[in-house]
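The values are calculated or read from the model by the stated rules, or taken from the named source; none is laboratory data. Since this is a predicted model, take the numbers as computed values, not measurements. No Cβ is skipped: glycine too gets one built from the backbone with ideal geometry, and neighbour counts run over all protein chains shown.
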Amino acid sequence: MPGDAPATDRPAPVGVDPTRASIARVYDAFLGGKDNYAIDRETLARVASVAPEAKDLAVENRNFLIRACRFLASQTDITQFLDCGSGLPTAENTHHVVQRANPDIRVVYVDNDPVVLAHGRALLEENENTHFVAADIFEPQAILQNETVRKYIDFTKPVALLQMGTLHHFNGPRERPAAIMREYIEALPSGSYVGISHFSDPEDELSALARKMEDVFLHSPMGSGTFRTKGEIEELFGDLEMIEPGVKLCAEWWPDGPQIKELNSAQRTISGGIGRKR
């Protein structure tokens, strides 16, 4: 039957349904990982049918996360990170990057995807300064009042809040993600930072492709993937003071070296930025 996991897929952990697409597993498939099933790869195949370089949406998101975390860990005095929507562990997770700069930085990951809960927690919680919370990142008050979050995140001191590749997966009113972020930002003390990456409509000749990818994502087994304009993504930061260069394509946000190759369509349809609370 369509959507059934093929025999070559590993057995699903308890609580994981291999016939229903998972955001974490789809993202894993985009990154070329092995913790995904046929139903997840179907989403990748559908998006790739309209944007052959679609995998670069995930690659650039991951690269932006790494550079953003490196910046926050080395150029600010932040010692606590709240990473919303951790996803499945990869080679360079938030705690790997920031604790390389400062081993005393605390990281709390939040996710409620069954596959992450099944075997991601053990891989993410690999030292005393790294912790995992099973909760819905789109319910900010529940996150902010969570016992484990409050135990390891001191909200009287600056916090780095990360929403990397998460908000475009909110299923509901288009304006709700900005309201969600307002709740988070209001709870953060002065001196905190917020990092966001998001599928983007470049409002140029690629706008039609961005909307086509959005339609494919929304009607895929995963059922989510909204593309916002630069202005709409800026709204997610509220009145935060944006770190230069503001909201930019992820590939252009302080890249590690000169950009020699021309960016492809996928690289030009995911953007990110970091804001600071005054």
Looking at ARG25, ARG62, which is the one that is modelled with pLDDT of 95 or more, among the basic types (Lys, Arg) and assigned to a helix (DSSP H, G or I)? ARG62
Residue count, segment 26-40, condition crowded, with 20+ Cβ neighbours inside 10 Å and either more than 19 Å from SER86 (Cβ to Cβ) or in contact (Cβ under 8 Å) with a residue 60 or more places away in the chain (or both), comes to 7
Counting just the residues of segment 41-74 that are under 20 Å from LEU206 (Cα atoms) and charged (D, E, K, R), which one comes out surrounded by the fewest Cβ atoms within 10 Å (Cβ to Cβ)? GLU53
Looking only at segment 238-255, and only at residues there that are of a type in the set (Asp, Glu) and part of a loop (DSSP other than H, G, I, E, B), the one that is farthest from ARG182 (Cα to Cα): GLU244
When you look at THR130, is it touching a residue at least 40 places away in the same chain (Cβ under 8 Å) and farther than 29 Å from SER200 by Cα, yes or no? no
Can you find a residue in segment 206-216 that is assigned to a loop (DSSP other than H, G, I, E, B) and on the phi < 0 side of the Ramachandran plot? yes
Only one of ILE233, ILE274 is assigned to a strand (DSSP E or B) and either surrounded by 22 or more Cβ atoms within 10 Å (Cβ to Cβ) or within 20 Å of the chain's Cα centre (by Cα) (or both), namely ILE274
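Quick check on LEU206: is it closer than 18 Å to GLY85 by Cα and either in contact (Cβ under 8 Å) with a residue 24 or more places away in the chain or among the aromatic types (Phe, Trp, Tyr) (or both)?
Values: closer than 18 Å to GLY85 by Cα: no; either in contact (Cβ under 8 Å) with a residue 24 or more places away in the chain or among the aromatic types (Phe, Trp, Tyr) (or both): yes.
Taking the combined requirement at face value, the residue does not satisfy it.
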Is there a residue in segment 114-135 that is surrounded by 22 or more Cβ atoms within 10 Å (Cβ to Cβ) and more than 28 Å from ASP17 (Cβ to Cβ)? no
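If we scan segment 89-96, do we find a residue that is over 26 Å from ASP28 (Cα atoms), free of Cβ contacts under 8 Å to residues at least 60 places away in the same chain and among the acidic types (Asp, Glu)? Break it down into steps so the answer makes sense when it comes.
If we filter segment 89-96 for residues that are over 26 Å from ASP28 (Cα atoms), which is where we start, we get none.
Checked against the condition, which is being over 26 Å from ASP28 (Cα atoms), free of Cβ contacts under 8 Å to residues at least 60 places away in the same chain and among the acidic types (Asp, Glu), segment 89-96 yields no hits at all.
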Index of the failed condition, SER220 passing every other in (1) surrounded by fewer than 20 Cβ atoms within 10 Å (Cβ to Cβ); (2) of a type outside the set (Phe, Trp, Tyr); (3) in a loop (DSSP other than H, G, I, E, B): (1)
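Check segment 155-162 and report whether any residue there is β-branched (Val, Ile, Thr), at pLDDT 95 or above and under 18 Å from the mean Cα position of the chain (by Cα). Step through it out loud before you land on a result.
Taking segment 155-162 and keeping what is β-branched (Val, Ile, Thr), we get 156, 159.
With the extra rule that they be at pLDDT 95 or above, the set shrinks to 156, 159.
Those left that are additionally under 18 Å from the mean Cα position of the chain (by Cα): 159.
So far as segment 155-162 goes, yes, one or more of its residues are β-branched (Val, Ile, Thr), at pLDDT 95 or above and under 18 Å from the mean Cα position of the chain (by Cα).
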When you scan segment 168-178, do you find a residue that is surrounded by 23 or more Cβ atoms within 10 Å (Cβ to Cβ), at positive phi, under 15 Å from the mean Cα position of the chain (by Cα) and at pLDDT 95 or above, even just one? no
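How many residues, within segment 105-149, are part of a helix (DSSP H, G or I) and among the hydroxyl-bearing types (Ser, Thr, Tyr)? Let's see the steps before the verdict.
Taking segment 105-149 first, the residues part of a helix (DSSP H, G or I) are 114-124, 140-144, 147-149.
Next, only the ones that are among the hydroxyl-bearing types (Ser, Thr, Tyr) stay: 148.
The number of residues fulfilling the criteria is 1.
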Checking TYR109 against (1) under 18 Å from ALA73 (Cα atoms); (2) more than 16 Å from the chain's Cα centre (by Cα), which single condition isn't satisfied? (2)
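Suppose the filter is among the polar types (S, T, N, Q) and either surrounded by 21 or more Cβ atoms within 10 Å (Cβ to Cβ) or closer than 20 Å to PRO140 by Cβ (or both); does ASN93 pass it? Break it down stepwise before answering.
On the way: among the polar types (S, T, N, Q): yes; either surrounded by 21 or more Cβ atoms within 10 Å (Cβ to Cβ) or closer than 20 Å to PRO140 by Cβ (or both): yes.
So ASN93 fits the description; yes.
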Is it fair to say SER265 is closer than 21 Å to PHE170 by Cα and either assigned to a loop (DSSP other than H, G, I, E, B) or acidic (Asp, Glu) (or both)? no
